[in-house]
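Presented below is the structure to which this report refers.
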Amino acid sequence: MVESKFFIIDFDSTFTQVEALDELAAISLKNSPKKLNILSAIKHITSLGMEGKLSIAESLKQRIKLLNANKKHLEMLVKLLRRKVTPSFVRNKQFFRLHSKNIFIISSGFKDYITPVVKQFNIPEKNIFCNEFVFDKDKNIIGFDERNTLAKENGKVELLKSLKLEGEIYVVGDGYTDYQLKESGLVAKFFAFTENVAREVVVKKADHVAPTFDEFLYMSKLPMSISYPKNRIKMLLLENIHHESISLLKREGYTVEGIPKSLTEEELVERIKDVSILGIRSKTEITARMLENAHRLMAIGAFCIGTNQIDLIGCSRKGIAVFNAPYSNTRSVVELAMGEIIMLMRNIFDKSNNAHKGVWDKSSHRSYEVRGKNLGIIGYGNIGSQLSVLAEDFGMNVYYYDIVEKLALGNAKKCGSMQELLKKADIVSVHVDGNPRNRNLIGKKEFRVMKDGAIFLNMSRGFVVDMQALEKYIKNGKIRGAGIDVFPTEPRSNSEEFVSELRNLPNVILTPHVAGSTEEAQQNIGQFVANKIIDFINTGNSFSSVNFPNIQLPMLRNAHRLIHIHKNVPGVLSQINGILAKNNINILGQYLKTNEEIGYSITDVSKECPNQVVNELKKTSNTIKFRILY
């Protein structure tokens, strides 16, 4: 005979994301001038009770006295709590439906707001145990039923004893009273639930920590609504990636660690071993050696424009998708470029430095308007073309050069060669990509061709410009001003010294790789890349990946999705379909795309694949990675 399993679940900060009495206080004290002080006191009392530092009865008495609540406030509270059910409980409604007879809600909270919330999850009312308010004739809450077992010390233990459940009992909760059930010897396992709040005193005593309800189901070998607990997907985000990205990924349920600097190859080799998702910006290099140790890595998010710091072919061969944000900081770069053009043409940077030193340099000498001047843009992509439009609004004549045929915007004129552009331009601004062929694109020969007294800007890649040549031509006056944002060698963190031959040169603006670093740009980049990673993990969608075949997938509904990454050789799809046919598994939809390195196959099937089928699919020849989503 199979032994029954029973599930005891707490309500406040477990089933719901909040402490209900705290929320009731916020509602009932909405117009009170003492609201903030009273709320603070109630939360403190709640915390003491949850940590076992204050008896349940005393905790309830003190909080109810402060509430000043009425039955009408409870109706408002129920509406709020229905919206505040913990996300991992919501997505596992099927578990509650299938096991409803064996699920018990045991809480020190109150029946008036708990029952209407948990009944939506098919939990029978006879399985809901909680305290009860006492009301006066005007329906004001004036106390609670002190005879209730759950209003007494060790109440949950006594209540559970009275239920006389025969079988294995699992407890999921966040408070000291939940742990007492384990301490009593009545239950098999206590799971400290930390999705909403982590209480150290409780976590230390738990059999297991459950950051989500998915984790509890996974550890207990029970059916889940998703194929794998998201909290087991570890993300490492380097280089001060925007806080909104971190919040977004944490809300999704992933375990996220953020580090404010880049890591060396040696450090990454060590840290990457158990990481599923890596987030970087421009300073962190992804090398072949690092990838050799990235055994769990599924995707890399480049929270920046370029990806030349990443071994893309190596990533493809390891089945690691790479995503970046090619358009998210365009406006920020363009604004800085335009601002620096004006500052350099007016010699403002040097005048400002002199003023700070007490030197009053009031002169129009070598100070010019940008109107009517020729701007030469090398690289007419997203940034170059937008700079073109903005510069024309300032009255400039725009010339551009690009090796790819690009449609001119406004009155911009295309040059047949870079040499032609350099000869015409009063200001030269470089906006090329990280292609290796652009190394030393601008060197001695190019500076010699430029007009005497030209202004030069580089906000693309550090290796694009021969810095010694630029230094020489600034010193001899050929280049009368420069704005440089990127350098061949850059510090790994803000604590390292920045070293450059361009330091302390006249009319030279040096910025620490911040052209795209505005709050707006970093927020846009953070949201874009984080959402691409979430979509890839949740659905297998590879659209906008830099190195994967781009597949835009429909939503996964009532199906299991088989994701197969393999070497781009003939016959792999045939092998996959042969295995499915042999095991009588019907295909609902199938998608395949390839590039030079890999094939990316998505197959939606109508039912769960048995373990032997999964193992066969994993062992298909030329398989790189395989995973299942449902």
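Rule-based calculations on the coordinates, nothing more; no lab input. Model, not experiment: these values are computed from the prediction. Quick reminder, even Gly has a Cβ in these numbers, built from the backbone with ideal geometry, and neighbours come from all protein chains shown.
Quick notes on this one:
- Inter-label distance, nm, simple model (7 Å from Cα along the C-beta direction), Arg147/His44: 3.5
- Straight-line cross-link partners of Lys205 among the aspartates and glutamates, defined as a Cα under 15 Å from its Cα and at least 8 positions apart when in the same chain: Glu51, Asp174, Asp178, Glu183.
- Spin-label pair Arg317/Asn595, simplified geometry with 7 Å Cα→Cβ offset, distance in nm: 1.5
- Cβ-based net charge around Lys111, under 10 Å, with every Lys or Arg adding one and every Asp or Glu removing one: -4
- Estimated FRET transfer efficiency (Asn293, Asn558; beta-carbon r; R0 41 Å; 0.05): 0.60
- Virtual paramagnetic centre 7 Å along Cα→Cβ of Lys607, amide N under 20 Å, in the range 220-264: 223-227
- Extension gain, Glu266 to Phe543: 0.36 nm times the residue separation minus the Cα-Cα distance gives 96.5 nm.
- For the range 5-219, with +1 on Lys and Arg beta carbons and -1 on Asp and Glu, the positive-most of Phe216, Asn68, Gly167 along the dipole: Asn68
- Volume per residue of the convex hull around the Cα atoms, evaluated for the chain, comes out as 215 Å³.
- Taking the Kirkwood radius as Rh and the Cα radius of gyration as Rg, the range 5-219 has a ratio of Rg/Rh equal to 0.94.
- Cα-Cα P(r), the range 129-227, percent of pairs per 10 Å interval: 15, 35, 31, 14, 4, 0
- Counting only Cβ charges, +1 for Lys and Arg and -1 for Asp and Glu, the dipole size of the chain around its Cα centre is about 740 debye.
- The slack in the chain from Glu168 to Arg366, taken as 0.36 nm per residue of separation less the alpha-carbon distance, amounts to 62.7 nm.
- Taking all Cα pairs closer than 8 Å and separated by 6 or more residues, the relative contact order of the range 330-516 comes to 21 percent.
- Charge sum, other residues only, whose C-beta stays under 13 Å from Asp485's C-beta, Lys/Arg counted +1 and Asp/Glu -1: -2
- Here the convex hull built on the C-alpha positions of the range 330-516 has a volume of 118 cubic angstrom per residue.
- With a Förster radius of 56 Å applied to the beta-carbon distance between Glu420 and His243, the computed FRET efficiency rounds to 0.75.
- Computed over the chain, the per-residue total of -39500 (n - 2.57) for DSSP H runs of n ≥ 4 gives a 222 nm mean residue ellipticity of -10000 deg cm²/dmol, rounded to 500.
- Cα pair distances of the range 475-582 binned at 10 Å [whole percent]: 10, 23, 22, 16, 15, 10, 4, 1
- Straight-line reach from Lys93: taking Cα to Cα under 20 Å and skipping same-chain neighbours fewer than 8 places apart, the lysines in range are Lys5, Lys79, Lys84, Lys101, Lys119, Lys126, Lys221, Lys230, Lys607.
- Difference of contour (0.36 nm per residue) and Cα-Cα distance, Ile403 to Arg439: 11.5 nm
- Distance from the range 239-285 to the range 532-565 (C-alpha centre basis), Å: 21
- Calculated translational diffusion coefficient of the range 555-629 (4 °C, 1.567 mPa s; Stokes-Einstein with Kirkwood radius over alpha-carbon pairs) equals 105 µm²/s.
- Measuring nothing but how far apart in sequence close Cα pairs (under 8 Å, 6+ apart) lie, relative to its length, the range 500-630 scores a relative contact order of 26 percent.
- Hydrodynamic radius (Kirkwood) for the range 1-58, which is based on Cα pairs only, to one decimal in Å: 13.5
- In this rough spin-label picture, where each label sits 7 Å from Cα along the Cβ direction, the Glu158-Leu222 distance is 2.8 nm.
- Taking a straight Cα-Cα cut-off under 12 Å and skipping sequence neighbours fewer than 8 places away in the same chain, the aspartates and glutamates within cross-link reach of Lys283 are Glu239, Glu265, Glu490.
- Note: relative contact order over the range 271-311, using C-alpha pairs below 8 Å and six or more positions apart, is 54 percent.
- Using a Förster distance of 60 Å, the FRET efficiency for Asn102-Val569 (Cβ separation, nearest 0.05): 0.75
- Spatial extent of the range 459-528: Rg and Dmax, with the Cα atoms as the point set, Å: 14.0, 46
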